[in-house]
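**Q** Here's a structure for you.
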Amino acid sequence: MSDQSRPPRILDVAKLAGVSVATVSRTLSNPAIVSEATRRAVEEAIAQTGYTLNFTARNLRQQQVGGVLALVPNLANPFFSQILSGISEVLRRHHLSLLVMDTTAVPDQPAMTVLAPYLNRSRSDGVIVLDGRLDPGLFDRPGCPPLVQACEWIEGLAAPRVLADNAGGGRLAAAHLTGLGHRRILHLTGPGDSSLTHARRQGFLQGLAQAGLPEPGPH
């Protein structure tokens, strides 16, 4: 049993479980590679000792911050709430925190001034970009963490993308309406500088063309 005058250590868990410190570490980091009996013994020892993993120390050893930064164009937009919730849930499974920055929160200052200080490995281990209107040069800096673009994308930014088929959605919407016999269809677009707006508009026009309808003029 560990000394109550100090926090429980991984060595205490190992002694109580009757395994090595390395085995405890493996059980915590990758339980699939240890036997069921070993995993249960370690879990019971952890419960009895009250041991908790020191994530700060682990991150220092692995040269990690322990967090991923999400850049969101407008936190007041409920569209992003479920997306951020899903991101956070996945990150928690890997013992990572989600950091969120609203890219529009300081409109009178350039993004380079506000965001650039957070785009380095001392602040985050990775960046999820959900704003397609940012300058790609913002991420072309030494020490910038790995990037993933989600929902929206930035033209000229060479980073992986996780996207919905916005053009396909526009085509389906046009096909549905024209299939019902409608011929005068109004398309309400989003912000003109949004990549989503352009993709949806492109798909919508393709759907009209497939139905033999001309491109509608602006209203």
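**Q** In this structure, does Leu119 turn out to be under 15 Å from the mean Cα position of the chain (by Cα) and at pLDDT 90 or above?
**A** Answer is no for this residue.
**Q** So Pro117 passes all but one of these: (1) without any contact (Cβ under 8 Å) to a residue 24 or more places away in the chain; (2) under 27 Å from Phe204 (Cβ atoms). Which condition number does it fail?
**A** Evaluating Pro117 over (1) without any contact (Cβ under 8 Å) to a residue 24 or more places away in the chain; (2) under 27 Å from Phe204 (Cβ atoms) leaves (2) as the failure.
**Q** Okay, next question. Has the stretch 180-187 got at least one residue that is within 29 Å of Leu138 (Cβ to Cβ) and among the β-branched types (Val, Ile, Thr)?
**A** No, the stretch 180-187 contains no residue that is within 29 Å of Leu138 (Cβ to Cβ) and among the β-branched types (Val, Ile, Thr).
**Q** Kindly check whether there is at least one residue in the stretch 162-169 that is open to solvent by less than 60 Å² (accessible area, probe 1.4 Å) and in a strand (DSSP E or B).
**A** Taking the stretch 162-169 and keeping what is open to solvent by less than 60 Å² (accessible area, probe 1.4 Å), we get 166-169.
So of that shortlist, the ones also in a strand (DSSP E or B) come out as none.
Scanning the stretch 162-169 turns up no residue that is open to solvent by less than 60 Å² (accessible area, probe 1.4 Å) and in a strand (DSSP E or B).
**Q** Which is exposed (fewer than 11 other Cβ atoms within 10 Å of the Cβ) and either modelled with pLDDT under 90 or of a type outside the set (Ser, Thr, Tyr) (or both), of Leu196, Leu177, Leu188, Leu172?
**A** Sole residue among the options that is exposed (fewer than 11 other Cβ atoms within 10 Å of the Cβ) and either modelled with pLDDT under 90 or of a type outside the set (Ser, Thr, Tyr) (or both): Leu188.
The values are calculated or read from the model by the stated rules, or taken from the named source; none is laboratory data. Model, not experiment: these values are computed from the prediction. As a convention, Cβ positions derive from the backbone with ideal geometry for all residues, glycine included, and neighbour counts pool all protein chains shown. When the accessible area is computed, the model is the full protein with side chains, heavy atoms only, and any ligands, DNA or RNA have been set aside. Shrake-Rupley method; radii C 1.70, N 1.55, O 1.52, S 1.80 Å.
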